[in-house]
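Just below is one structure, and these are the notes that go with it.
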Amino acid sequence: MTNESSFYQLKRPARYLGGERGSICKDWNQVDVTFALAFPDVYEVGMSHIGSAILYQVLNDTGWIAAERTYTPWPDREAQLRSDGKPLSSLESGRALTEFDIIGFSLQYELCYSNVLAMLDLSGLPMRACERGKEAPLIVVGGPCAFNPEPLADFFDCAVIGDGEEVVVELCAAVRTSKAAGESRSELLNRLAAIEGIYVPSHFEVTYQADGRIAAITPDETQRPKVRRRVLADLDSAPYPEQPIVPFLQTIHDRVAIEVARGCTRGCRFCQAGYIYRPVRERQPDTIRNLIDRMLRHSGYDEVSLLSLSTGDYSAIETLMQNLMGCYADQRIAISLPSLRVGSLTPELMNEIKKVRKTGFTLAPEAGSERLRQVINKGILEEDLVESAHTAFELGWRVIKLYFMIGLPTETEEDLTALVDLAARVKATGRGTQGGADVNVSVSTFVPKAHTAFQWEAQIGIDETLARQGKLRTALKKKRLRLKWHEAESSFLEGVFARGDRRLGEVLEEAVKRGCRFDGWREHFRWDLWQEAFAAVDLDPTWYLRQRLPGEIFPWDHIDAGVTKDFLLRERQAALLGKATQDCRNGQCSYCGLCDFETIRPRLSDSKRLEPPTVVPETALPEPALLPKLRLTLTKTGRAASLSHLEYMTLIHRAVRRADLPVRYSAGFHPAPRISFGDALPLGVASEAELIDLTLTAPCQPQEAMERLSQELPEGVRILAAETWPRKGEAPANSILAATFKVPLPEDTDDGFEDRLANFLKQDTVITTRRKKNRAVEIDLRPWVLDLKRQDNLLWIKMHSGSPLFLAAYLLEKDVEEVRTLGIYKTAIELKDVEIQVD
């Protein structure tokens, strides 16, 4: 296993620890196929992706498959790996990715492509598929970007097109059979190509015309001419992670996430997800309720997010919300709906939404004028949007976020003016309401995507994007509205790869070699390096933003998403005429070509399947203020020493919730458990004596609390003692008189060290400087220290305040980061009336 101390100098070490609650580490001797689920972004983003969590469970629920996780290391970790000569490894077993049978990348965003190649390189694998031998892992890609995987075609072996729950197991079965038969890589690829939904790029030859357009995409003799997308027919019966992995650190979506529906047939013509995830398939409300129950019990989260492309369109949303709010209100569980559509905001639904925590309320009109909304088939009337905003302000929301796009087909100056006017109307409607009237406007650049009605359209370039952003910024500022925008250069690059072909692979490889990583992150995006890469390959990126001809062959034409090209052309024509296409979920079929109306068809939920919540009469409880507190003494060792104080607090909060201890909560929109912690330990400092106090709402015996909570704590966090504590007793931080730390001395500790200790204790003041927020601050170390002594190869420090890490660095004349890796331990604390000692 990895030495945790090597992570101490990294930003957010918990990204690399593994061992989270819910993670699975199988014995490789007991399985036939090993699968590394690779997410080409940082841990916090990847752990928020529910698709990866679903596949993790599907694979590990299959006895003969072991699935583990890996993420793109942040630049500081990549530099550390390269410096140490170590390959990228998995979180569960710490094995190098080269040891796995399969490495599967989830492609959620075009700007993650550089991370895919960087991860292959960090693993010690050749980037190009043709350079990898039979013994190398099979490289698989999937996700929405796999519907045009051509820019990456030279680097992966096969792609999964469509829903992965079923086909991923079929893929693994083919690999198991191929391994047993001793087949070559080409024989394995032939076997995989026979599975519906699996695309093998080496089985297709692409030729180009003189002007750069594609002349033909020709399959070889073993290959079908088109690869049809896999569709999961019944979402309600599909597997779902009931015991989700609970990260040590806060992720982007740090909550229970339940997919209530997949697919959307609203028909927004710019939206790739709306086309490639059809038809609408909903989970039944009772299934959702049962899943949420189990996930909350396992995780200790205090928020549930109902996920879909448009959660407000979920057929049983009002019944589900009423049930969830009724069942979880007394448990202080918040319910959030991240994807609401103006047309779905009924008064009944708004009445349920108002009960949840009010942070930001998001509406996505996408276009400023009703004319342009007709073009994109976004059937939102301005009056309905303004009314929804007013209702949100009336119900207490303080901020409304409005999402728009610029550069949509047929957009004019009048449409930009309408955008500003609409945002101003939304702001005005909040005046005098309890929520206030704060509006944020966010603008992204329209990027035409494959398999949409707008896949033929041109994308505006960098200069035009900047010009339109500038006009909006100036106009919105006059209305006292804030504007956020996507960087023009990153939208440009996204557009290039979204409709790109195989020739971009050489550019991508060149960019990665020049250092491009995390292109979706503003602080890491290097447009200058991308420009150099395009120049080195002699490829003009602006060519990929052009308007396409109606009969032109697309790079993705051999990928069958289920929706026909004829349907998309009809939708494009309807857009230019400003005609609407109705949602087919409850109405007339629009003949998109996907459904067979037997297996593949819309599947809607039945609100009658969920009973109203049973209201349990409240029982009289002792007044919380009259109960003594519960004081616990815990350890923070091993992996836990790599957690920040905030991460340690979150770990305890969730464990207390899972243990169902009767802890009191604060009042307000954001209730928090009344748990008091001691002073924060520096990162990397372990402890055998951490104190926390729990304020209770009901009697709970210390031994019972200790037993229940111990079952929910991870390795490295143990409860050493539990006792009642006076309700007005000192908080942990105030009740500690002194703490004792032991510091292992480095081998190069000189002979004069003990003299420095003695001299330090003789001084009245010891002034030194410390960096705080990028400035030097003078501090006096002497008042911190009660005693110092050396015993063999250990330094013992007794102090009543301050940082043992900084003090030890001063005494050892070492850098703080070097001392952080020594393994400092807090061994004892001395309280006002008792000392807790751990041998």
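The values are calculated or read from the model by the stated rules, or taken from the named source; none is laboratory data. Small disclaimer: the values here were computed from a predicted structure and weren't measured. As a convention, Cβ positions derive from the backbone with ideal geometry for all residues, glycine included, and neighbour counts pool all protein chains shown. Each accessible area value is taken on the protein alone, full model and side chains, heavy atoms only, with ligands, DNA and RNA left out. Shrake-Rupley method; radii C 1.70, N 1.55, O 1.52, S 1.80 Å.
Residue-level analysis places E817 among those that are of a type in the set (D, E) and surrounded by fewer than 16 Cβ atoms within 10 Å (Cβ to Cβ). Which of the residues that make up the stretch 52-73 are open to solvent by less than 20 Å² (accessible area, probe 1.4 Å), touching a helix residue (DSSP H, G or I) at 6+ places or on another chain (Cβ under 9 Å) and farther than 17 Å from L97 by Cβ? Correct list: V58 only. Selection of first residues in the stretch 484-502 that are more than 10 Å from I462 (Cβ to Cβ) and of a type in the set (D, E) and of second residues that are part of a helix (DSSP H, G or I) and open to solvent by 10 Å² or more (accessible area, probe 1.4 Å), restricted to Cβ pairs under 9 Å at least 6 apart or on distinct chains, gives the following pairs, ordered by first then second residue: E494/E110. Restricting attention to the stretch 707-729, the residues being surrounded by fewer than 15 Cβ atoms within 10 Å (Cβ to Cβ) and out of contact with any strand residue (DSSP E or B) (no Cβ under 8 Å at 6 or more places or on another chain) number 4. Residue-level analysis places E4 among those that are at pLDDT below 95, crowded, with 21+ Cβ neighbours inside 10 Å and among the acidic types (D, E).
Among the β-branched types (V, I, T), over 19 Å from V256 (Cβ atoms) and either open to solvent by less than 30 Å² (accessible area, probe 1.4 Å) or out of contact with any strand residue (DSSP E or B) (no Cβ under 7 Å at 6 or more places or on another chain) (or both) - does that describe any residue in the stretch 39-51? Yes, the stretch 39-51 contains at least one residue that is among the β-branched types (V, I, T), over 19 Å from V256 (Cβ atoms) and either open to solvent by less than 30 Å² (accessible area, probe 1.4 Å) or out of contact with any strand residue (DSSP E or B) (no Cβ under 7 Å at 6 or more places or on another chain) (or both). Look at (1) of a type in the set (A, V, I, L, M); (2) out of contact with any helix residue (DSSP H, G or I) (no Cβ under 6 Å at 6 or more places or on another chain); (3) open to solvent by less than 10 Å² (accessible area, probe 1.4 Å); (4) under 24 Å from H298 (Cβ atoms) and you find that L651 fails only one, number (3).
Figure legend. Inter-residue proximity from the stretch 373-384: first residues farther than 12 Å from T581 by Cβ, second residues part of a loop (DSSP other than H, G, I, E, B), beta-carbon distance below 6 Å, spacing 6+ or different chains. Indicated pairs: R373/A367; R373/I380. For the stretch 194-208, a residue qualifies if it is closer than 21 Å to V168 by Cβ and either open to solvent by less than 30 Å² (accessible area, probe 1.4 Å) or touching a residue at least 24 places away in the same chain (Cβ under 8 Å) (or both), and the qualifying residues are I195, E196, G197, I198, Y199, V200, P201, S202, H203.
Quick grid of which residues meet (1) β-branched (V, I, T); (2) closer than 30 Å to F806 by Cβ; (3) touching a Leu at 6+ places or on another chain (Cβ under 8 Å):
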residue	(1), (2), (3)
L651	no, yes, yes
R654	no, no, no
S666	no, no, no
G678	no, yes, yes
E688	no, yes, yes
P699	no, no, yes
G716	no, yes, no
A722	no, no, yes
P726	no, no, no
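Being in a strand (DSSP E or B) and either surrounded by 15 or more Cβ atoms within 10 Å (Cβ to Cβ) or without any contact (Cβ under 8 Å) to a residue 12 or more places away in the chain (or both) is a condition met by at least one residue of the stretch 696-703.
Considered as a group, the residues in the stretch 74-87 that are open to solvent by less than 50 Å² (accessible area, probe 1.4 Å) and among the hydrophobic types (A, V, I, L, M, F, W, C) include one that is nearest to E99 (Cα to Cα), and that residue is L81. Does the stretch 548-562 contain at least one residue that is surrounded by fewer than 18 Cβ atoms within 10 Å (Cβ to Cβ), in contact (Cβ under 8 Å) with a residue 24 or more places away in the chain, assigned to a loop (DSSP other than H, G, I, E, B) and in contact with a helix residue (DSSP H, G or I) (Cβ under 9 Å, 6 or more places away or on another chain)? There is at least one residue in the stretch 548-562 that is surrounded by fewer than 18 Cβ atoms within 10 Å (Cβ to Cβ), in contact (Cβ under 8 Å) with a residue 24 or more places away in the chain, assigned to a loop (DSSP other than H, G, I, E, B) and in contact with a helix residue (DSSP H, G or I) (Cβ under 9 Å, 6 or more places away or on another chain). State whether one or more residues within the stretch 112-120 are at negative phi, of a type outside the set (A, V, I, L, M, F, W, C) and open to solvent by 10 Å² or more (accessible area, probe 1.4 Å). Checked the stretch 112-120: no residue is at negative phi, of a type outside the set (A, V, I, L, M, F, W, C) and open to solvent by 10 Å² or more (accessible area, probe 1.4 Å).
Within the stretch 209-225, the set of residues being surrounded by 14 or more Cβ atoms within 10 Å (Cβ to Cβ) and either over 37 Å from the mean Cα position of the chain (by Cα) or touching a residue at least 60 places away in the same chain (Cβ under 8 Å) (or both) comprises R213, I214, I217, P219. The residues on offer are L189, L235, and the sole one that is buried (at least 17 other Cβ atoms within 10 Å of the Cβ), over 30 Å from T542 (Cα atoms), at pLDDT 95 or above and touching a Ser or Thr at 6+ places or on another chain (Cβ under 7 Å) is L189. Determine, yes or no, whether G500 is small (G, A, S), part of a loop (DSSP other than H, G, I, E, B) and in contact with a Pro (Cβ under 7 Å, 6 or more places away or on another chain). Yes; evaluated as a whole, the condition is true for this residue.
Highlighted here are the helices (runs of 4 or more DSSP H) found entirely within the stretch 729-839 that include at least 1 residues which are in contact with a Leu (Cβ under 8 Å, 6 or more places away or on another chain) and closer than 21 Å to E690 by Cα: 732-735, 804-812, 816-820.
Selection of the stretch 526-546 for residues being outside any helix (DSSP H, G or I) and either free of Cβ contacts under 8 Å to residues at least 60 places away in the same chain or surrounded by 19 or more Cβ atoms within 10 Å (Cβ to Cβ) (or both) yields R526, D538, L539, D540. For the stretch 745-788, a residue qualifies if it is open to solvent by 40 Å² or more (accessible area, probe 1.4 Å), within 30 Å of R631 (Cβ to Cβ) and touching a strand residue (DSSP E or B) at 6+ places or on another chain (Cβ under 6 Å), and the qualifying residues are L786, D787. Evaluation of T207 against the conditions (1) touching a helix residue (DSSP H, G or I) at 6+ places or on another chain (Cβ under 8 Å); (2) not in a helix (DSSP H, G or I) shows that the sole unmet condition is (1).
If the condition is being open to solvent by less than 10 Å² (accessible area, probe 1.4 Å) and either more than 24 Å from A672 (Cβ to Cβ) or touching a Phe, Trp or Tyr at 6+ places or on another chain (Cβ under 6 Å) (or both), then the stretch 318-332 contributes L320, N323.
Listed here are the residues, each with its yes/no results for (1) within 27 Å of Y275 (Cβ to Cβ); (2) touching a Phe, Trp or Tyr at 6+ places or on another chain (Cβ under 6 Å); (3) surrounded by fewer than 23 Cβ atoms within 10 Å (Cβ to Cβ).
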residue: A367; (1), (2), (3): yes, no, no
residue: Q374; (1), (2), (3): yes, no, yes
residue: N377; (1), (2), (3): yes, no, no
residue: I380; (1), (2), (3): yes, no, yes
residue: I400; (1), (2), (3): no, yes, no
residue: V420; (1), (2), (3): no, no, yes
residue: A424; (1), (2), (3): no, no, yes
residue: R431; (1), (2), (3): no, no, yes
residue: D438; (1), (2), (3): no, no, yes
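Out of curiosity, is E92 in a loop (DSSP other than H, G, I, E, B) and either open to solvent by 10 Å² or more (accessible area, probe 1.4 Å) or out of contact with any Ser or Thr (no Cβ under 9 Å at 6 or more places or on another chain) (or both)? Spelling it out, E92 is indeed in a loop (DSSP other than H, G, I, E, B) and either open to solvent by 10 Å² or more (accessible area, probe 1.4 Å) or out of contact with any Ser or Thr (no Cβ under 9 Å at 6 or more places or on another chain) (or both).
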